[in-house]
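The values are calculated or read from the model by the stated rules, or taken from the named source; none is laboratory data. Everything numeric here is computed off the predicted structure, so don't read it as measured data. Ideal geometry is used to build each Cβ from the backbone, glycine not excepted, and the neighbour counts take in all protein chains shown.
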Ligand code: HMG
Ligand code: MG
């Protein structure tokens, strides 16, 4: 069966904007996050505390985060690759962070300047410190992203056991949630099912899993449905289908949140999202970026 409710993890402000060539002003980003919250999204990934030279577009994290952190009822996860990133995030009051691993050596090197295992070693003290507090209410929630779960632009198809190994390593570090990334959008539903089944067989609880699909080959919705049928109920998506990864050639936008909401609504699955408001937000953002949204649903609903 399908889950009655899906939690959408909105990544437009982070995954969506990290790859933009033109600098998006901090005020525009802040307004974007506020509008996403007004559209009913409750998990909005805000930015990354990474090296500013590696991702110049998010170099304003210190300026942006204070402008959004007081949003009522909204979780605002941020990416942190290492202890330095965690320090920066905690100093501003972040309560949710995400580390980001790779299932392949090529992408680990390109994205983090580390081998897969060196990257895991880099995350270890980050997760440990997030979990250090004695008071359960004080614990920082840690998401572990895993990129290249299906295919890699340098290495081709990625063997399932290789993915499972790093998933388990992230959970062993203490991550509260795991997001399975199809960074370059090459997955198809059968492959998704195979991976999810392999994770089950290895004892990874499905309720800890989220899926993160990019729509390069138009498969993101089909892949999402396969994951929902398997019991996954957290889905990453990006308003208007913004996105890409600066360190993965051929990565295009994420699954568009509007496309996702349209499908879920049709299935009678609750999301809490107001599709009209969300579409208006993506049309506004497209105007800021100077090009139309690639989302079919945004186009259909806005006659863009
Ligand atoms: P490095 O060059 O190996 O850094 O990069 P280092 O550890 O050797 O440190 C060098 C200098 O950087 C030091 O300064 C550090 O202090 C500084 P120095 O002492 O030389 O003056 N530094 C920092 N400054 C600010 N904030 C920091 C930080 N860390 C070190 N956090 C590093 C290693 C991890 C830093 C770098 O590779 C990096 O920042 N990578 C980030 C790449 C990234 O953000 N990629 C996009 C996100 S992943 C993604 O999009 C995929 C996803 O969507 C899922 C999917 O689709 O698959 C999540
Ligand atoms: Mg991504």
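Here are the numbers for this structure:
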{"read-out": "Criterion: closer than 27 Å to residue 28 by Cβ and within 20 Å of the chain's Cα centre (by Cα) - qualifying residue of 94, 103, 119", "value": "94"}
{"read-out": "Selection from segment 69-81 of residues that are within 19 Å of residue 181 (Cβ to Cβ) and either surrounded by fewer than 16 Cβ atoms within 10 Å (Cβ to Cβ) or in contact with a helix residue (DSSP H, G or I) (Cβ under 7 Å, 6 or more places away or on another chain) (or both)", "value": "78, 79, 80, 81"}
{"read-out": "Output for segment 250-261, where each listed residue is buried (at least 20 other Cβ atoms within 10 Å of the Cβ) and either over 19 Å from residue 187 (Cβ atoms) or within 16 Å of ligand 1 (Cβ to nearest atom) (or both)", "value": "251, 253, 254, 255, 256, 257, 258, 260, 261"}
{"read-out": "Residue 241 vs. criteria buried (at least 21 other Cβ atoms within 10 Å of the Cβ) and on the phi > 0 side of the Ramachandran plot", "value": "yes"}
{"read-out": "Residue identified as within 16 Å of ligand 2 (Cβ to nearest atom), at pLDDT 95 or above and not in a loop (DSSP other than H, G, I, E, B) among 186, 235", "value": "235"}
{"read-out": "Answer from 220, 187, 210 - the residue that is within 15 Å of ligand 1 (Cβ to nearest atom) and closer than 18 Å to residue 13 by Cβ", "value": "210"}
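Here's the yes/no breakdown for (1) surrounded by fewer than 24 Cβ atoms within 10 Å (Cβ to Cβ); (2) assigned to a loop (DSSP other than H, G, I, E, B):
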{"residue": "22", "(1), (2)": "yes, yes"}
{"residue": "35", "(1), (2)": "yes, no"}
{"residue": "53", "(1), (2)": "yes, yes"}
{"residue": "84", "(1), (2)": "yes, no"}
{"residue": "89", "(1), (2)": "no, no"}
{"residue": "99", "(1), (2)": "no, no"}
{"residue": "109", "(1), (2)": "yes, no"}
